[in-house]
Amino acid sequence: MSSKHSFIIGITRLRKDPGSVMSFELSGTITDLKVVSSYVKDDQIIEVSGVAESVHGGILISGEVSTKWEGECRRCLNPTFGIMRIPVRELYERAGPESELSSQDDTYSYSGAIIDLQEMVKDQVLLELPLAPLCKDDCRGLCVNCGADLNLGPCECEDAAIDPRWAGLDILADKDR
Ligand SMILES: [Zn+2]
Ligand SMILES: [Zn+2]
């Protein structure tokens, strides 16, 4: 539990006054936000802003989660990063003794005078992390032959392919198969 716990909203006033709206701006860090080839650093600030609204059935949270992700480009393997901005809209239902029996996994709940958004923020970021990041849309990737980064310019292989001195080797390579 090394993550800074800063995604908490006090809702005492909202609960006293149904229909009322409160805006909030929170930021903090969450650890272990990673998928196969991208992640959010453990000390990266995650911002959450929006409004909490007292509605029938609970507290409706709507706003935006934003942070920076980092990862490895799937084509050139260079480090890459991007900013994610995720629109969120979630209803937090009040957890009571009776609702615990029927609690559903796809809804969030609160009890008492606070709502902790951390779990929702974590879920949203994990869903949004790119599984196959690109450093740029037209990344040229690595040469399959020599491994050179083709974003830096053409490699020697292009010339070699049309150099007749190498033609014989190609034939030998074919025979091996
Ligand atoms: Zn790339
Ligand atoms: Zn090459």
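The values are calculated or read from the model by the stated rules, or taken from the named source; none is laboratory data. Computed from a prediction, not measured in an experiment: that's the story for all the values here. We place every Cβ from the backbone using ideal geometry, glycine too, and count neighbours over all the protein chains shown. The protein model used for the area step is the full one, side chains on, heavy atoms only, and it has no ligands, DNA or RNA in it. Shrake-Rupley method; radii C 1.70, N 1.55, O 1.52, S 1.80 Å.
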Quiz item: Restricting attention to the range 61-90, which residues are open to solvent by 40 Å² or more (accessible area, probe 1.4 Å), more than 13 Å from ligand 1 (Cβ to nearest atom) and closer than 13 Å to residue 41 by Cα?
Solution: 68, 83
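Of the residues in the range 1-17, how many are surrounded by fewer than 18 Cβ atoms within 10 Å (Cβ to Cβ) and either within 18 Å of residue 120 (Cβ to Cβ) or not assigned by TED's automatic domain parsing to the domain that holds residue 91 (or both)?
Initially, the range 1-17 is screened for residues surrounded by fewer than 18 Cβ atoms within 10 Å (Cβ to Cβ), giving 1-6, 8, 10, 12-13, 15-17.
With either within 18 Å of residue 120 (Cβ to Cβ) or not assigned by TED's automatic domain parsing to the domain that holds residue 91 (or both) added as a condition, the list becomes 1-6, 8, 10.
Looking only at that region, the number is 8.
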Quiz item: If you scan the range 30-50, which residues turn out to be open to solvent by 50 Å² or more (accessible area, probe 1.4 Å) and β-branched (Val, Ile, Thr)?
Solution: 36, 45
Quiz item: Which condition number in (1) free of Cβ contacts under 8 Å to residues at least 24 places away in the same chain; (2) closer than 29 Å to residue 17 by Cα is the one that residue 61 fails?
Solution: (1)
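Scan the range 18-27 and give yes if some residue there is exposed (fewer than 15 other Cβ atoms within 10 Å of the Cβ), in contact with a Gly (Cβ under 6 Å, 6 or more places away or on another chain) and among the polar types (S, T, N, Q), otherwise no. Step through it out loud before you land on a result.
Narrowing the range 18-27 to residues exposed (fewer than 15 other Cβ atoms within 10 Å of the Cβ): 18-21, 23, 25, 27.
Now drop any that are not in contact with a Gly (Cβ under 6 Å, 6 or more places away or on another chain), which leaves none.
No, the range 18-27 contains no residue that is exposed (fewer than 15 other Cβ atoms within 10 Å of the Cβ), in contact with a Gly (Cβ under 6 Å, 6 or more places away or on another chain) and among the polar types (S, T, N, Q).
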Self-check item: Contacts under 6 angstrom Cβ, first residue in the range 67-84 being in contact (Cβ under 8 Å) with a residue 60 or more places away in the chain, partner open to solvent by less than 100 Å² (accessible area, probe 1.4 Å) and among the acidic types (Asp, Glu), 6 or more apart
Solution: 76/149
Quiz prompt | Residue ranges of strands (runs of 3 or more DSSP E) in the range 24-136 with at least 2 members out of contact with any Lys or Arg (no Cβ under 6 Å at 6 or more places or on another chain), of a type outside the set (Asp, Glu) and at pLDDT 95 or above | solution = 38-40, 46-55, 58-72, 79-94
Quiz item: Among (1) β-branched (Val, Ile, Thr); (2) modelled with pLDDT under 55; (3) open to solvent by less than 100 Å² (accessible area, probe 1.4 Å), where does residue 162 come up short?
Solution: (3)
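Can you tell me which of 23, 62 is more than 22 Å from the chain's Cα centre (by Cα), more than 15 Å from residue 125 (Cα to Cα) and assigned by TED's automatic domain parsing to the domain that holds residue 88? Walk me through how you get there before you give the answer.
Details: 62 fails: more than 22 Å from the chain's Cα centre (by Cα).
Residue meeting the stated conditions: 23.
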